[in-house]
Structures are given as C-alpha cells and as structure tokens.
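Notes follow once the structure below has been shown.
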Amino acid sequence: MPEREITFAEAIREALAEEMRRDSRVFIVGEDVAEAGTPFKVLSGLVEEFGKDRVIDTPISEPGFTGIGVGAAMTGVRPVVDIMFGDFLTLTMDQIVNQAAKVHYMSGGKMKVPIVFRTTLGATRRSAAQHSQSLHAWVSHVPGLKVAIPSTPYDAKGLLKTAIRDDNPVVFFEDKLSYKLKGNVPAEEYTIPFGVADIKRKGDDITLVATSSMVQVALAAAELLNGVGISAEVIDPRTTFPLDKSALIESAKKTSRAIVIDEGYERYGVTAEIASVIADGAF
Amino acid sequence: MYQQMAKIRAFEEQVNELYKSAKMPGLAHLYSGEEAVAVGVCEALQKTDYITSTHRGHGHCLAKGASVDRMFAELLGKEAGYCKGKGGSMHIADPDSGNLGANAIVGGSAGIATGAAFSAKMRKSNQVAVCFFGEGALGQGLLYEVMNMASLWKLPVIYVCENNLYNEYTHHSETTAGELVARAQAFGIHTEIVDGQDVHGVYAATQQLVERARRGEGPAFLQCNTYRYYGHHVGDINRAYYRPKDEEEEWKAKRDPLTKLAERLIAGKLTDQKILDRIQAEVQIEIESGVAFALNAPFPDVHEVDEDVYA
Ligand SMILES: Cc1ncc(C[n+]2csc(CCOP(=O)(O)OP(=O)(O)O)c2C)c(N)n1
C-alpha cells in the first residue's frame, strides 16, 4: 500500500464523512459548521455532500444547541456537537456534566447518550486568555464522560470514528495548531480503541508522557536528547478517560524516570493525575 | 381523568407520610393541587410522545403512564424502582412511557425536550415532546436559546409552564418582569393561557397544540395557572413568611381541580358521587399495595453503586 499523507483537519473531516455515510443517524450541529465549515475550515465540503439537514448551523447558543444534542442523542440519533473553542465549554457545563454525563446512571442504565462534543485546546495561536485554554482536565474529572485528545492525523481519525460509535458522551479535543499537521493515514477503514496508549518513539532512559500537541514537543525533545546520548521514550495516552494506566506504568518501570507534558493548567490537572498514576504503579 | 388525578393526589399524600415517618431518603416536592395540568396535558398525548419533567415530577410520571408500585420503589431507593433506585424522587425516567426523565436542575430539561422534538422531526416519527417546567425556569437562559431554535426549525415541542406563583420561596412577581407568555411570543411562538385547575381546559388546549405540532406548524407555549398545596418540598412547613394562609385556603376551597371536575361531571350527569367514591376507594387500595410492595422490596446490591456510569 502506498503511504498517504493528509492533515489533521482532513483526518477529522474524513472520519466525519465516513461515519455519516455509514450511519444516517449521525449529524453535525454547531455554529458556522455548514457553508463556512467552521473558522478552522475543518468541516469544509461536508454540507455539500450531506446537506443542511445533517450539517446544521445554529445560533450562537452553546448551552442551547448542546442541550438539544443531548435530547436528540437520548431519542435515537447520534449528534456530533461542534463547540468552536474549548473555552466555550464553560457555557455548556450543565448540559454536559449534569445532563449528558448523568442520564445513563440516573436512569439505572435504561437511557443512553451517544453524543460527541468536538472542541479545541491549545494556546499556540496566541489568541489571548479566552481563546487559548486547554480544559480537558475539567471533563476528564466527571464520571460518565469519555475524553479523547489525539495528537496525530492517524489518531484523530481513528479515535473520532470510535467516539461516534460509542454509546457514551465523548468530549473530543483537537489542538488548534495541529490542524495543519501532516501524517500518514491509510486509505482503508480503521478505528482506534479508547484507553490504549501509543508509544510514539521507543527509548530506554526516560519516559516522556505527552498529550495532544505536546507529543510533537516531546518528540523534538527526544531528538535533542538523542544527540547527547539519552534515549527517551515518548508515550501518548490518546484518551485521558479511559486512561491506559498499565502502558504508562510499564514504560516508567522500564526507564525508571518520567516527565509528563500537557498543555492544561498544572494544578489539579492532567499532569498531576498521570504523575500520580505512575508514582503509584511504577515506583 | 378523575381517576388519574385522584391517584396523583393520593400518591403525594402517601409520599408525605413516608417522609414524616422517615422511611424515605431525601426530600420530595409534592404535586398536590396541580394535578389537572399533568393529567390534562398527558391525556392529549400518545404513549410514544415524549415528556420531560421537573423536581416536582411525580404527577407527570404517573399521568404519562408510570405505575405506582415502581414509583414508590424508586423513591425508596429500591432495585425494583424505575431507575433501580438511582434516580429517586427528582429523576424518575421511564422511556417505555415516553418519559425522558425528571430533572433537578431548574430549566435543565428544556434542551432535552427540544432535542427530542428535533430528533422526532429528523426521524420523521410524528412524535411530539412536552417540556414541563415551573415559572421559576423562566429565569434560565437555556430556555430562551432552545425556544429560539424550536421556532426557527419548527420543532414539535410544547413548553408547558406550570405557574404556581412561587419560585421556591419567592413570589414570581419579584423575579419575572413582564408577561410570562410575552417571552415565548418574542420568538414567534404560539402561546395559550389556561386555568390549570380545569382539567378539561388544559386537555382541550393541549390537544390543539399537539395537532399543530404534528402538522409541522412548530412549537407552542402553554401557561397553566395553578397552585401547590404543600410547601416547596415536604419539609417546608412554616411558610407564612412567603405565602399567606388565606391564599392557600382559598385555592383549596374554591379552585381544587378534583372538586371542580367532580362538580362538573355530576352536574352534567356523567357520573354520581357513588362512582367517584368508588374510584377514590380503588385508588386508595392501589396506593396502599404499591407502597407495601416498595417497602418490602430489596435494596440494590452494593456492587450496583458504580454500575451504569458508562453504557
Ligand atoms: C439551576 C437551579 N437553581 C436552583 C435550584 C434550587 N431550586 C429547586 S426548585 C426551585 C424553585 C423552582 O421554582 P419553579 O420552577 O417555579 O417550580 P416549582 O417548585 O414552583 O414547581 C429552586 C430555586 C435548582 N434546583 N436548580
């Protein structure tokens, strides 16, 4: 098979298009998702194929269209809700945390909420404090939610397809700067299971656990370290919940050292959680 | 409809007893006095139509078709409850009867009901969704966001505002500017105001709104003026500081929905007191056996506590 390189944004678009072709219950809803294809142009072309009944522009009402997505998911369809910036998750918290995450439990398992909330993280577009946050720790904290945080085009496509097929609410974080990142993505169908970490570079002396765009940073660091004779292993959990604890622990056991690199706030955050998992399990 | 209303009244009396005798965990918000709203609205719906309910939701659940025994079991946290005891008073859901669940976030189900209507339209299923909420939910922005989209997209959803005059312990005139229905009218939503103590009036109005919705004419807003007889919840006993006793007595004496319906049925010679007494006695038996079932039912196994977090 010849290798095929596409961008992260193209990988997201392909995942959505393939899932929408496969399952007529899947649709996209959010601000400027149709003709505009989002400010990041991630969804360009989808409305042409699937029409305005399945790629639906909304008013600027994050709690409202998130809530409509939750109700729709509870009654037989499978929404992919577009929350333009991760910072705007704060506006949707009741619908995601008190409604989507709780419905299955509170109904004693009778109702399901198969919904994906696609949103962004990352500060590197330098858009100041209300468009730069990485709030994946917030939702990773809440039982009932799953959280995917892909770092490469390959992972983005496979994980998004899994998210859409999952019967639980999934929050899916895309780094804004990664949209132009290129990588190998096979033309054939594939999915990536949640809760399976991926070793992005093998090494023996130190483990670098990195998430989302920090994987590229960690790979660059590993290259530098290689120059001075240190062999670093870079491992990407790919989902913060479920978290592949055993893979992280195995790697840290092998190298005896670990550094965790994540773009979220440090306090009470993803780095602290992963560091504690490793400290608990490996040392 | 009389039987349904009597059942809700008797159910809530029994819930109050369970609370007072400390047999029920937590609290409950009683629906007594408001029965004509739930019964009138649900009578106009099909079983497959959706409702979403509120913290004061027992009446909605029963009117949509839930059974008394499993409702009591849910309130008592028992395995046999509608949600295996994991929902409790404020979260009873019964998808088999179209009940997508009560919600303890005021206004929190506005999105769910509107989303259910959205999905019904997308699936071309001809279902409608009813969103019950108290007038206190008019303070929540979510409602306006979803009403806007429901109107734009002509969704088959009916917003039923149960105006019992009080947002918890505060009269709604202190919290709500302007006319209640004006808020829906601003979105071009069709509105109606009915006497929520008159079950026929509620039923007739809902029936029309349901037909409109099924014809694809879009959402509606139905304001039902009503009154709750008890406190905000079962523990709200001394309430003279926010609600005068005379007002309570007057609503009970002059505007009781059960009395009004009984008078109307008897005056129209559609029934007589004997038949109504028999209905009351049957309802009482159903309630007593339901509560006995729930009291004797087992609690869920301990391992259940962290099951059902993920599907
Ligand atoms: C978002 C939110 N804020 C506050 C509360 C606390 N609370 C529970 S019921 C209630 C009053 C609701 O009044 P209304 O909507 O009119 O319904 P009613 O109790 O009169 O039936 C309040 C403030 C809550 N549950 N949710």
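The values are calculated or read from the model by the stated rules, or taken from the named source; none is laboratory data. Bear in mind that the values here come from a model prediction, so they are computed numbers and not experimental data. Counting neighbours? That spans all protein chains shown, and the Cβs are built from the backbone with ideal geometry, glycine included. Heavy atoms of the whole protein, side chains included, go into the accessibility calculation; ligands, DNA and RNA do not. Shrake-Rupley method; radii C 1.70, N 1.55, O 1.52, S 1.80 Å.
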| Rough spin-label spacing in nm, given labels placed 7 Å along Cα→Cβ, for B:I237 and B:Q3 | 3.7 nm
| Peptide A:28-40, shielding by other chains (average Cβ, 10 Å cutoff) | 0
| Probe 1.4 Å, all protein chains in place: accessible area of B:D272 in Å², nearest 10? | 70 Å²
| What GluC sites (Glu not before Pro) does region A:5-71 have in DSSP loop regions with at most 12 other beta carbons within 10 Å? | A:E35
| remark: Note to self: with every protein chain in place and a 1.4 Å probe, region A:3-186 gives an accessible area per residue in Å² of 32 Å²
| task | Name the residue farthest towards the positive end of the dipole of the protein assembly as shown from the options B:Q4, A:P59, A:P237, assuming +1 on Cβ of Lys and Arg, -1 on Cβ of Asp and Glu, about the Cα centre. | result | A:P59
| task | Quick one: of B:K64/B:K154; B:K7/B:K274; A:K161/B:K121; A:K157/B:K124, which pairs are farther than 19 Å apart, Cα to Cα? | result | B:K64/B:K154; A:K161/B:K121; A:K157/B:K124
| Length released on extending from A:T90 to A:I259, taking residue separation times 0.36 nm less the Cα-Cα span | 57.9 nm
| remark: On the accessible surface of the protein assembly as shown, probed at 1.4 Å with all protein chains in place, carbon and sulfur together account for a percent value of 53 percent
| query | Any idea which of B:Q207, B:A292, B:C131 is furthest toward the positive side of the dipole for chain B, if Lys and Arg beta-carbons carry +1 and Asp and Glu beta-carbons -1? | reply | B:Q207
| field | Reach of B:K254 by Cα under 16 Å, taken over lysines that are not fewer than 8 positions away in the same chain | value | B:K245
| Looking at region A:108-131, which residues lose a minimum of 20 Å² of accessible area between their chain alone and all protein chains in place, measuring with a 1.4 Å probe and not counting ligands or nucleic acids? | A:G108, A:K110, A:M111
| request: Working with all protein chains in place, sort A:R54, B:R70 by solvent-accessible area computed with a 1.4 Å probe, largest first. | output: B:R70, A:R54
| remark: For region B:176-311, dividing by residue count, accessible area per residue (probe 1.4 Å) in Å² works out to 55 Å²
| remark: For chain A, the longest principal axis of the Cα atoms and the Cα long axis of helix A:270-282 enclose an angle in degrees, to the nearest 10, of 50 degrees
| query | How big is the antiparallel share of DSSP beta bridges in the protein assembly as shown, given as a percent to the nearest 5? | reply | 20 percent
| note | Most fluctuating of B:K269, B:K47, B:K86 in the GNM of chain B (C-alpha, under 10 Å) is B:K269
| field | For the protein assembly as shown, size of Cβ-based charge dipole, Lys and Arg +1, Asp and Glu -1, in debye | value | 600 debye
| remark: Percent relative contact order for region B:65-176, counting Cα pairs under 8 Å at least six residues apart, stands at 18 percent
| Whether region A:101-180 is rounded, prolate or oblate, judged on the alpha carbon gyration tensor where a/c under 1.5 counts as rounded | oblate
| task | Note the angle between two axes, namely the Cα long axis of helix A:214-227 and the longest principal axis of the Cα atoms of chain A, as a number of degrees from 0 to 90, rounded to the nearest 10. | result | 20 degrees
| Can you give me the relative contact order of chain A as a percent, contacts being Cα pairs under 8 Å and 6 or more apart? | 18 percent
| message | With the crude spin-label approximation of a point 7 Å out along Cα→Cβ, what separation in nm comes out for A:D204 versus B:R215? | response | 8.0 nm
| remark: region B:20-54 scanned against label point 7 Å out from B:Q208 along Cα→C-beta; backbone N under 11 Å for none
| What accessible area per residue comes out for region B:24-98, rounded to a whole number of Å², with a 1.4 Å probe? | 23 Å²
| Cα-based radius of gyration of region A:198-282 once divided by 2.2 N^0.38 Å, which approximates compact folds | 0.99
| In nm, to one decimal, how far is the A:A279 label point from the B:A22 one, both placed 7 Å along Cα→Cβ? | 4.3 nm
| said: Quick check for you: which residues of region A:1-31 have the amide N under 19 Å from the point 7 Å beyond the Cα of A:K180 toward its beta carbon? | reply: A:5-13
| query | Who wins for biggest fluctuation among A:V196, A:V234, A:V113 in a Gaussian network model of chain A, springs between alpha carbons below 10 Å? | reply | A:V196
| field | For chain B, built as a Gaussian network whose Cα springs stay under 10 Å, the top-fluctuating residue of B:A38, B:A292, B:A22 | value | B:A22
| query | Tell me: how much accessible area in total is hidden between A and B, 1.4 Å probe, Å², nearest 100? | reply | 3000 Å²
| said: Between A:N226 and A:D23, what is 0.36 nm times their sequence separation minus the Cα-Cα distance? Round to one decimal in nm. | reply: 68.5 nm
| query | In this model, which of A:K52/B:K47; A:K176/B:K86; A:K146/B:K84 are farther than 28 Å apart at the alpha-carbon? | reply | A:K52/B:K47; A:K176/B:K86
| remark: Note on chain B: alpha-carbon gyration tensor, axes a ≥ b ≥ c; rule is a/c under 1.5 for rounded, else prolate if a/b larger than b/c, else oblate; result rounded
| request: Only counting protein heavy atoms at a 1.4 Å probe, give the residues of region B:147-188, ordered by number, whose accessible area falls by 50 Å² or more when the other protein chains are present relative to the chain alone. | output: B:M149, B:W153
| query | For B:E179 and A:V217, what is the calculated FRET efficiency with R₀ set at 51 Å and r taken between the beta-carbons, to the nearest 0.05? | reply | 0.35
| task | Please say if the protein assembly as shown is rounded, prolate or oblate, where rounded means a/c under 1.5 for a ≥ b ≥ c the square roots of the C-alpha gyration tensor eigenvalues, and otherwise the choice is prolate for a/b larger than b/c and oblate otherwise? | result | prolate
| note | So, relative contact order of chain B in percent, Cα under 8 Å, 6 or more apart, is 24 percent
| field | Eligible aspartates and glutamates near B:K269 by straight Cα distance, threshold 19 Å, same-chain separation 8 or greater | value | B:D198, B:D277
| said: Suppose we compare each residue of region B:108-137 in its chain alone and in the full protein complex with a 1.4 Å probe; which ones drop by at least 20 Å² of accessible area? | reply: B:G108, B:G111, B:I112, B:G115, B:F118, B:S119, B:M122, B:R123
